[in-house]
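These notes concern the structure reproduced below.
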Amino acid sequence: MTARKPMVAANWKMNKTAFEARELTQALLPELKKIEAVDIVLCPPFTNLSLACEQIAETDLKLGAQNMHWQEKGAFTGEISASMLADFCDYVILGHSERRQMFGETNETVNKKAHTALAHDLKPIICVGESLEQNQAGETAQVVETQCRESLQAITPEQAQNIVIAYEPVWAIGTGLAATPEGANEVHRDVIRPVLRDLFGAEIAEGMRILYGGSVNAENAGELFAMSDIDGGLIGGASLKADAFVAVVKAAAETL
Ligand code: 13P
């Protein structure tokens, strides 16, 4: 049993045209709006945020963006600022491994973005996780600890209460090969939570949510979410189909 409210976030990544995104949101709403026990966050592509915002207006669902720039505004062609997102979103995913691997995201840029996001009342969902190589070399704890500490630099305990951490082992993303519930929980409980305790104190750390992401689906979600320190999920593939995502959210509701 945990006092932390479970949270499930859908990361649609670079999928869904505006039309398709509208259809998916429409299909999700009847079921999801009945589930109060879980904080549900949809993170569609930027191009769908405005419409999705209208679609979820009468519900408790929240929106998140998948990335942002740390600068307030200016000559950064192609980038999106925190204040632009704040019109629509409550959350923003920062430091997803796909951005780290393909678009040069570092702990330092994640940290800058986290500060800017918080200044605009956006709650960062900060992603950490080791590669297959690092996992096999036994470096998981060290890699994840460094990612957490550097991404959270100069964040105050008060600010930390608005931050969510997502542990997403790179080898588990989109592979169908999820971490075992025990394996993921070990990282959450023995690596991430202790870092949060060290940085922000025991009480704040206990209240912070640590999500797991990486091949979560309708079948394995229940077992994962039942673990002591897995407070929900960041869902990729399974969030692209209404039935599968609703089943994952229901699994989170049942772990209460
Ligand atoms: P999958 O659920 O497709 O493995 O993706 C996880 C993820 O990267 C969510 O951010």
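Structure notes:
- Put a dot 7 Å past the Cα of Q26, heading toward its Cβ, do the same for M14, and the two dots end up 2.7 nm apart.
- Added length on full extension, which subtracts the Cα-Cα distance from 0.36 nm per residue, Q71 to Q142: 22.6 nm
- Farthest positive-ward along the chain dipole, Cα basis, beta-carbon charges - from G95, T146, L196: G95
- Classification of the chain by its C-alpha gyration tensor yields a rounded form. The axis ratio a/c (a ≥ b ≥ c) stays under 1.5.
- Å² of accessible area per residue within the chain, as computed with a 1.4 Å probe and no ligands counted: 46
- Sequence-distant aspartates and glutamates (8 or more away, or on other chains) whose Cα lies within less than 14 Å of K62: E36, D39, E54, D87, D90, D121
- Taken about its Cα centre, region 151-236 carries a charge dipole of roughly 160 debye when the Cβ of each Lys and Arg holds +1 and the Cβ of each Asp and Glu holds -1.
- Magnitude of the charge dipole, the chain, Cβ model with Lys/Arg +1 and Asp/Glu -1, debye to 20: 400
- Helical runs (DSSP H, four residues minimum) scored at -39500 (n - 2.57) apiece and divided by the length of the chain put the mean residue ellipticity at 222 nm at -11500 deg cm²/dmol.
- Charge dipole of region 108-255 (Cα centre as origin; +1 on each Lys and Arg Cβ, -1 on each Asp and Glu Cβ, all else neutral): 420 debye, rounded to the nearest 20.
- Each Cα pair of region 130-240 feeds into the Kirkwood radius, which the Stokes-Einstein equation turns, at 4 °C and 1.567 mPa s, into a diffusion coefficient of 91 µm²/s.
- Length-normalised contact order for region 155-242 - Cα pairs under 8 Å, 6+ apart - percent: 37
- Heavy-atom accessible surface of the chain: percent carbon and sulfur, 1.4 Å: 50
- Across the chain, Cα pairs under 8 Å and at least six residues apart give a relative contact order of 22 percent.
The values are calculated or read from the model by the stated rules, or taken from the named source; none is laboratory data. Because the structure is a prediction, the values reported are computed rather than measured. We place every Cβ from the backbone using ideal geometry, glycine too, and count neighbours over all the protein chains shown. All accessible areas refer to the heavy atoms of the entire protein, side chains included, with ligands and DNA or RNA removed. Shrake-Rupley method; radii C 1.70, N 1.55, O 1.52, S 1.80 Å.
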